[in-house]
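Since the structure comes first, as structure tokens, the remarks are kept for the end.
Every number here is computed from the coordinates shown, using simple stated rules; none is lab data. Note that this is a predicted model, so its numbers are computed, not measured. Glycine gets a Cβ as well: all are built from the backbone with ideal geometry, and neighbour counts include every protein chain shown.
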Amino acid sequence: MKKIIIIGGGVSGLGAAYKVRRAAEAGNDVSFALIEKDDRLGGKIKTETVVDEWDSVDGTEFIVDGGPDCFLTSKPAVSRIAALLGFADDTLPTDDSRKKTLILSRGKLFEMPDGVMMFAPTKFLPFVTTGLFSWPGKIRMGLDLFVPKKKVAADEVNDETLESFIVRRMGRECLDRLAEPLVGGVHASDPKQMSLAATFPNLLDMEQKHGSMLLGFLDMRKKYPHKPGTKPRTFFTSLTGGMQELTDNMADAAGRDSITTGVSVESATRDGDSYVLKLSDGSTVTGDALIFATEAWSAATLLGDIDTQIAEAVAGIPASSSATVSFGFKEDEIGINMDAFGVLCPQKEGRKLMAATFSSTKWRGRAPTGKVMMRGFVGGPQNQAIMENTDEKLAEIALAEMRDILGVKGDPLFSRVYRWHLGMPQYTMGHLDRMAVIEGRSAEIAGLALAGGSYRGVGIPNCIESGERAVSKILGDWNIELAEDQVEEKRQH
Ligand SMILES: Cc1cc2nc3c(=O)[nH]c(=O)nc-3n(C[C@H](O)[C@H](O)[C@H](O)COP(=O)(O)OP(=O)(O)OC[C@H]3O[C@@H](n4cnc5c(N)ncnc54)[C@H](O)[C@@H]3O)c2cc1C
């Protein structure tokens, strides 16, 4: 029996573990041992329930997601896993009857104009009438139609930062008031550093194809019209029990008896065809293959004894820390109109809050009847100093920001702070070069693979797929081909 060791019990590691389980069930002589340093599984995916002890009407609970609260609907991995494991009925679309995004600009709140796709307006009237942009700003955005497309030589990698791309095509005001919080915010990234080829390569392709972002997004809208009378699939989806329902189900299906928690991997070496790991409890684990499914900065400290080039490239992937702060309120005390999904606070505004989500508006069932829930984001690459505060202080800061920006009143029923130390990998310029080294060298080392949000996409579906790809790579090294991979390959072609 061949044994694959997986370091890290986040969604990537569990994606790998569940795939090994499927491979074994398909008749292959393979097994896994997963080692997770925390006492719990799920990594950044963490859901807590808070019992409603404040004049509960229906006895329900608050469902608080401390890390991710949703996934991109268009990426199939989560829905596929949910269908395989029988919890597809628990997928939860956003409540789009209340869909509205607020943006803070020059200290005032504006509604995001209808028709904006990423950072490009695709509807004329809402764009010309919005107060979010100045007239010179709007004219500059319109000039995108005439800005020539970037010339890219045949042998050149087309890449630039988010800042340079948006300023070049749509102007600085579009970057400062829309693209930075909306596009950069997804990655909690600094637009001055963020590699577009590594994060949103489709934008670079769109420019080359259409010569204009406005035309490109208009074309995209035409291709995906909403058919009248049909229920639109919402852009984001969550799970009724919170996002941890996903990782809990994956861990059950993979087999908890092969998973060890509360023990960290201290070193990893190769001994002939085997991998030998020393653990924090003094024990040693040996396997025929090894998947690193940890954050890059953690993998970098362990990879040195296996391959220095991979270790160096992995160490070159930076990460920033952030925290989410959730508050529950009585609906009749919060004092604001909750008919919106949340508010974005551009860097330019100089606020301590990056954004806030009206969780109980966006997702039905997150708060009991008569209560509401809101969560704020703090930190990110441009505000790391804030992370030095205690949890109490972070909650105080987030609440003061919500009061000042949104006019929140009343006292919260509870607050929960979730810190994510170096939890957001930064795909900076050069990321794709680093990936070429990591993937190129790993391909040459039998039984070694890396997975996780640090490499080819931070989104949960990307992470699951990265774990699955890692297993396919290793099985390929052993000349084992899975029927499900052949089906997937056919689907992609
Ligand atoms: C605040 C926040 C909000 C987010 N929101 C969204 C969202 O809404 N939608 C979305 O799609 N994505 C979101 N993301 C991104 C997404 O959550 C992550 O990219 C994803 O969960 C990463 O999963 P992972 O398994 O790769 O890594 P992790 O979840 O980081 O798991 C890695 C695991 O490895 C373990 N580990 C590390 N070193 C060792 C060691 N030496 N020994 C043993 N174990 C070790 C860690 O303890 C950890 O559990 C968000 C991220 C954050 C931080």
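Of all DSSP beta bridges located in the chain, what percent are antiparallel, nearest 5?
Working: 53 of 73 bridges.
Restricted to the chain, the bridges split so that about 75 percent are antiparallel.
Within the stretch 116-223, how many Lys pairs that are eight or more residues apart, or on different chains, come under 19 Å at the alpha-carbon?
Lysine pair count for the stretch 116-223: 9.
For the stretch 18-96 and the stretch 295-311, what is the centre-to-centre distance using only Cα atoms, to the nearest Å?
The stretch 18-96 and the stretch 295-311 have Cα centres separated by 28 Å.
In the stretch 1-64, which trypsin sites (Lys or Arg not before Pro) are in a loop and have at most 16 other Cβ atoms within 10 Å, using DSSP for the loop call?
On the way: sites: LYS2, LYS3, LYS19, ARG21, ARG22, LYS37, ARG40, LYS44, LYS46; in loops: LYS37, ARG40, LYS44, LYS46.
Hits after loop and neighbour filter: ARG40.
For the stretch 399-486, build the charge dipole from Cβ charges (+1 Lys, Arg; -1 Asp, Glu) around the Cα centre, then report which of ILE460, LEU448, GLY410 sits farthest towards its positive end.
Value: GLY410.
Using a Förster radius of 56 Å, what is the FRET efficiency between SER264 and LYS150 based on their Cβ-Cβ separation? Nearest 0.05, please.
0.80
Checking the cross-link filter: which lysines have an alpha carbon closer than 19 Å to that of LYS362, excluding same-chain neighbours under 8 positions apart?
Qualifying lysines at Cα under 19 Å: LYS46, LYS99, LYS100, LYS231, LYS330, LYS371.
What dipole magnitude, in Debye to the nearest 20, does the chain give about its Cα centre under +1 on Lys/Arg Cβ and -1 on Asp/Glu Cβ? Walk me through the numbers on the way to the answer.
Working: 58 positive and 68 negative charges, 430 e Å.
Value, rounded to 20: 2060 debye.
Long-range amide H contacts for ALA319: which residues qualify at under 5 Å (H placed 1.01 Å from N, peptide plane, sequence gap of 5 or more or a different chain)?
Close amide H contacts, sequence-distant or interchain: GLN426.
Which loop GluC sites (Glu not before Pro) in the stretch 1-80, with loop taken from DSSP, have no more than 14 other Cβ atoms within 10 angstrom of their Cβ? List each step's numbers first, then the result.
On the way: sites: GLU25, GLU36, GLU48, GLU53, GLU61; in loops: GLU53.
Answer by residue number: GLU53.
Rounded, prolate or oblate: pick one for the stretch 244-322, where a ≥ b ≥ c are the square roots of the eigenvalues of its C-alpha gyration tensor, a/c under 1.5 means rounded, and failing that, prolate if a/b is larger than b/c, else oblate.
Values: a/c = 1.96, a/b = 1.18, b/c = 1.67.
The shape class here is oblate.
Going through the DSSP H helices of the chain, which span 18 Å or more along their own axis at the Cα atoms while scoring at least -0.5 as a mean Kyte-Doolittle hydropathy?
Details: long enough: 11-25 (21 Å, 0.01); 391-406 (22 Å, 0.11); 431-444 (20 Å, -0.42); 460-477 (26 Å, -0.03).
Helices meeting the span and hydropathy rule in the chain are 11-25, 391-406, 431-444, 460-477.
Could you list HIS210, HIS421, HIS431 in order of exposure, starting from the residue whose Cβ has the fewest other Cβ atoms within 10 Å? If you can, show how the numbers build up before the last one.
Working: HIS210 16, HIS421 13, HIS431 25.
In increasing order of surrounding Cβ atoms, one gets HIS421, HIS210, HIS431.
Mind checking which of MET429, MET141, GLY66 is farthest towards the positive end of the chain's charge dipole, using Cβ charges of +1 (Lys, Arg) and -1 (Asp, Glu) about the Cα centre?
About the Cα centre, the residue reaching furthest to the positive side is MET141.
Nothing charged except the Cβ atoms of Lys and Arg (+1) and of Asp and Glu (-1): what's the magnitude of the dipole of the stretch 1-127 about its Cα centre? Round to the nearest 20 debye.
Numbers: 17 positive and 19 negative charges, 207 e Å.
Around 1000 debye, computed over the stretch 1-127.
Roughly how many debye, to the nearest 20, is the charge dipole of the stretch 116-223 about its Cα centre, given +1 on each Lys and Arg Cβ, -1 on each Asp and Glu Cβ, and no other charges? Kindly include the intermediate steps, with their values, before the conclusion.
Working: 15 positive and 13 negative charges, 108 e Å.
The dipole of the stretch 116-223 has a size of about 520 debye.
Assuming R0 = 25 Å, can you tell me the calculated FRET efficiency for the pair VAL437 and SER280, based on Cβ-Cβ distance, to the nearest 0.05?
On the way: r = 29 Å, r/R0 = 1.16.
Approximately 0.30, to the nearest 0.05.
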